[in-house]
Amino acid sequence: MLQALDFFLFVVHCFVIGFNLTGWIWVRTRRWHLVSVGLTVFSWLVMGIWYGLGYCALTDWHWQVKRALGETNLPSSFLIYFFNDILGLGLKAGFVNKGAGIAMAVVTLLSVVLNFRDYRQHRLSER
């Protein structure tokens, strides 16, 4: 059961990351994208006040499952785990974290701007 949950959380992680990177592209997903990046930024920055900058509730839950399966020495983030343990790239944590922060800033800004533009266009078309 824990192995299935581990696999499920891996897939969810990949989906959330992929959606956070690309969900702003399609008009139909932009509102959901804004919610998704908003929750991610909230976790990283607000919850990060108590748990450490970049804290991810999903990673916390996933790592609890992995520890129950006997895995040790898990990195501080899923991205570091994905790039280094899954893909074997050996990237430095600082590089991965900076890249994640820059990417999140860019997609959040895109999402806010495009959602605002879509909202304005919708309001203007109602007149």
inquiry  = Explain nothing, just the number: relative contact order of the chain, from Cα pairs under 8 Å at least 6 residues apart, as a whole percent.
reply    = 31 percent
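Based on DSSP H runs of at least 4 residues, each adding -39500 (n - 2.57), what is the mean residue ellipticity at 222 nm of the chain after dividing by all its residues, to the nearest 500 deg cm²/dmol?
Numbers: 5 runs with 82 residues, N = 127.
Helix contribution divided over all residues of the chain: -21500 deg cm²/dmol.
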request  = Starting from the amide H of Y55, placed 1.01 Å from N in the peptide plane, find each other amide H under 5 Å away whose residue is 5 or more places distant or on another chain.
outcome  = G48
request  = Determine one quarter of the surface area of the Cα convex hull of the range 1-73, which equals its mean projected area, and express it in nm² to one decimal.
outcome  = 5.6 nm²
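Note down the net charge around V65, summing +1 for each Lys or Arg and -1 for each Asp or Glu among other residues with Cβ under 14 Å from its Cβ.
On the way: positive: K66, R67; negative: D6, D60, E71.
Combined, the nearby Lys, Arg, Asp and Glu give -1.
Based only on Cα atoms, what Rg/Rh ratio does the chain have, Rh being taken as Kirkwood's radius?
On the way: Rg = 16.8 Å, Rh = 16.0 Å.
Using only Cα positions, Rg/Rh for the chain is 1.05.
We did not get these values from a lab; they are worked out from the coordinates using the rules stated. Given the structure is predicted, the values throughout are model-derived calculations rather than measurements. Every residue, glycine as well, gets a Cβ built from its backbone with ideal geometry; the counts of neighbours run over all protein chains shown.
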